Amino acid sequence: MLLIFAHRSRLPLGLAVALLGGCSASDDRGPECLNLPRPPARDVVEYVRVFPSVAIEGGVDLLLDPTGDRWYLATQSGQIYTFPNVAEPPAPTLFADLAPQIVEGGEAGLLGMAFHPDYADNGEVFLSYTGPGGPVFESRLSRFHTSDGLTLDLASEEPILVVDQPYTNHNGGDLGFGRDGFLYFGLGDGGSGGDPQNRAQDPDSLLGKLLRIDVDGGDPYAIPADNPYAAGGGRPEIFALGLRNPWRFNFDRMTGELWAGDVGQNVWEEIDKIVLGGNYGWNIKEGLDCFGQDACAGAGLVDPVAQYRNTGGASVIAGFVYRGAALPDLAGLFLYTDFYGETLWGVAEGAAPVVLSEAGVRGTVAFAEDQDGELYALAYGGGIYRLRAAAPRAALSSRTCSPRQAASTSPTRGARPPARSLMRSTSRSGPTAPTRPAGCSCRPAAPPRSRRTVTSRCLSAASSSRPSSWPARRSRPASSSTTATATGPATATPGTRTAATRACSPAARRASSASRRGSSPTAPIACTAIRAPPAAPSASSWPSSRARSPATRASRSISCSCSPRRASSPIRPPPYRCLRSPATPRWPSAPAPICTPTARSATAPTPPAAAPASTCAATSRPRR
C-alpha cells in the first residue's frame, strides 16, 4: 500500500474517475440521458506495435547492442536476426544460424544472448544454448566474435561452460553482464518435477543456481573473489541458489540490483531480488509456502518480493526496473508479466504489486530496454511492442431516453463515486479484480459483467456440410459445468451428437458458423474443450473410449488450437497439445493422437468411407 500512496499524488489527471451521468427532464422530447465523459481506460500502460517489418516467430530474446545502433532478435530454433534501430527498419537480416549445433524443442534451444560491455571494441557476443551430450543434452555457454555487427563468426566459438542436463525441462539459460563487469548465467534445477535430486539446494551442483564468472580474467574464466563458495564448500561459480527455473533476469540500470522471475511448480510464480549468497528456497518452499513439508521456517531463506498464483498455466516473465522518461509514474517499479496472460504488473521492494495493464500481449517471452530506458515486449508468436502511457478513453455523446427508460434509471447514477487510484493494488495471492465504472445509460446500474465464453461446437476446418443431427441451437449441456479433456471427432455423424462441446472465441464461432453453412474456413479454429456427456456406444456414432474414461473426466481444462503449427512456451509448454487427425468417426480401438511439445501432426486410422477432416484432440501429460 505504501507504493500506491506514493504514486497516487503523481498520477495524471486523465486517470481520475469521471462522473457518471443520470437522466433528467429537459424539454418536450422527454427526459434526456446526460452522458458525461466516460471513465478512462483502467490501464496505465498500453502496448503499441513497433518495427512493423519485424514479425519473426519463436523469438526468445531481444537486445540492443551497446552502441545503440542495431537490435538483435534470437529465436529458440537457433537463428539470430538483426535490424537497424530506426522507427521503420528494413526487413531483418540473418546474423547467425546455430540450428545445426543445437538441440531444440520444448524448453530447449537457443535461450540467451549477451554483449560484452566492450563490444564496440572487441566484438564479443555470448550465447547460451542446449547442445547434444549429457544424459539428455547439455547447457552450453560460449563466446563468439563479430567484426561488423552484421554476421557472427560461428568458427570463432570458444566454449566457456558446459553443464549436463538430466531432463529436458527447466533449462533457464538467460545471460547478462552486471555493473561489476562479470557475466551472470541462470540455470534451472535440471527438470522433471519437484527437483527430485535436490539439485537447487545442493552447493556442489550448478543446477538451480545463478552463476557469476569473470570471462576476462582467466581461461576460460576466473572466479570473482567474493563469490559465496570461492574459498570452498561448493561450486565457486555460484552467486545465488535455490531457484527452480530463472527464465529471465535483468539489472537495474541505476542501482545495479538484480531482479529475476522464477517459474513456479504448481501454485506460485515469484519475483525475486537476487543478492549475493541468497538462498531462494526451492525446493523447500514455493513462493511463501512450504513445498512438500509441513514446516519450513527458520531455514534462512529469502522470500520473494512478489508472487502470484498459478491458475492452470503460468510462466512468469521478468522485465526491468523502469528508468525511462515516457512513464514518470512508473519510475522505480520492476515490471513483469506472464507468458500465458495479458496482465502487466509493477512492484517495488517492500510494497504491494500494482496492475499497470490488463490488455498486454499474450505470449510475451522477454522484455528489452533501449538506451533511454524505455521498455519493449517481445512476443513469441511474432511482433515487438513498446510500452507507453495508455491513451484516455474517448467520451460518449449524449443521448435521449424515453420516459419509461428514465423512470427505470437508477436514482444514484448521478452520484460521484469515491475517488481511488487506478493503479490497483494486488495482494500476494494475485491481483484484485476492481469494479469497472459504469457509463451513462438509460438502464438501471448493474454490476460489471465479466468476460463470458460462448459455447459452440469446434468444427473441422475441412468440413463442408452440416450434419443432419446438428442441434438447432448451440448450448452447453446441463452437466458440463466442469471441464475435462475431450477427444474424438469434432463433427457428428447422422443420428448422434458429438461427445464434447467447445468454447470458442468469436472468430472461431464465425468460422464454425461458416463451416456449418457449407463453406470451408481457411483459418484454424481456436477452442477450449468443455466436457459434455458422451453419446451412448453405437455402430453409427463410433464414440471415443477416452472421452468416456474416468481419468479423462478428471483431467484439467485445456486450451488447444486446431492448427498444427507449434505455439508452446519455451519456458513451460502447455500441458496439452492439439494435433491433427484425418479421421472423422473413430472406433473404440483406435489410438488417440499423442500430444507432445514437439509433435507437429498425427495420423489416426481411417474407418471405411470416412471423409478427411481436421479435429482437435488432446491427451494430458504431467505438469512441468
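The values are calculated or read from the model by the stated rules, or taken from the named source; none is laboratory data. Note that the structure is a prediction, hence the values are computed from the model and not measured. Virtual Cβ from ideal backbone geometry, glycine too; neighbours counted across all protein chains shown. Note: areas computed on protein heavy atoms with side chains; ligands, DNA, RNA excluded. Shrake-Rupley method; radii C 1.70, N 1.55, O 1.52, S 1.80 Å.
Go through segment 125-193 and tell me which strands (runs of 3 or more DSSP E), entirely inside it, have 3 or more residues that are open to solvent by less than 10 Å² (accessible area, probe 1.4 Å).
On the way: elements: 137-145, 153-165, 175-177, 183-186.
Fully inside segment 125-193 and qualifying: 137-145, 183-186.
The lone criterion from (1) under 16 Å from R179 (Cα atoms); (2) open to solvent by less than 10 Å² (accessible area, probe 1.4 Å); (3) out of contact with any Asp or Glu (no Cβ under 8 Å at 6 or more places or on another chain) left unmet by D214 is number (2). Of the residues in segment 119-128, none is among the hydroxyl-bearing types (S, T, Y) and either over 27 Å from I317 (Cα atoms) or without any contact (Cβ under 8 Å) to a residue 24 or more places away in the chain (or both). Among the residues of this structure, R199 counts as one that is of a type outside the set (A, V, I, L, M, F, W, C), in a loop (DSSP other than H, G, I, E, B), farther than 21 Å from A74 by Cβ and open to solvent by 10 Å² or more (accessible area, probe 1.4 Å). Looking at D27, D65, D61 in this structure, which one is of a type in the set (D, E) and at pLDDT below 95? Just a single option satisfies the conditions, and that option is D27. For segment 287-319, a residue qualifies if it is closer than 21 Å to G363 by Cα, open to solvent by 10 Å² or more (accessible area, probe 1.4 Å) and part of a loop (DSSP other than H, G, I, E, B), and the qualifying residues are N310, T311, G312, G313. Would you check if D329 is in contact with a His (Cβ under 9 Å, 6 or more places away or on another chain) and over 17 Å from R49 (Cα atoms)? It is true that D329 is in contact with a His (Cβ under 9 Å, 6 or more places away or on another chain) and over 17 Å from R49 (Cα atoms). The numbered conditions (1) more than 24 Å from L356 (Cβ to Cβ); (2) open to solvent by less than 10 Å² (accessible area, probe 1.4 Å); (3) in contact with a Leu (Cβ under 7 Å, 6 or more places away or on another chain) are all true for Y322 except (1). Every listed requirement among (1) among the small types (G, A, S); (2) part of a loop (DSSP other than H, G, I, E, B); (3) farther than 15 Å from V44 by Cβ; (4) in contact with a Gly (Cβ under 7 Å, 6 or more places away or on another chain) is met by G341 save one, (4).
Quick grid of which residues meet (1) touching a Lys or Arg at 6+ places or on another chain (Cβ under 9 Å); (2) open to solvent by less than 20 Å² (accessible area, probe 1.4 Å):
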position	(1), (2)
I56	no, no
G59	no, yes
L63	no, no
R70	no, no
P84	yes, no
L94	no, no
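Can you tell me how many residues within segment 101-114 are without any contact (Cβ under 8 Å) to a residue 60 or more places away in the chain, open to solvent by 10 Å² or more (accessible area, probe 1.4 Å) and not in a helix (DSSP H, G or I)? The number of residues fulfilling the criteria is 3.
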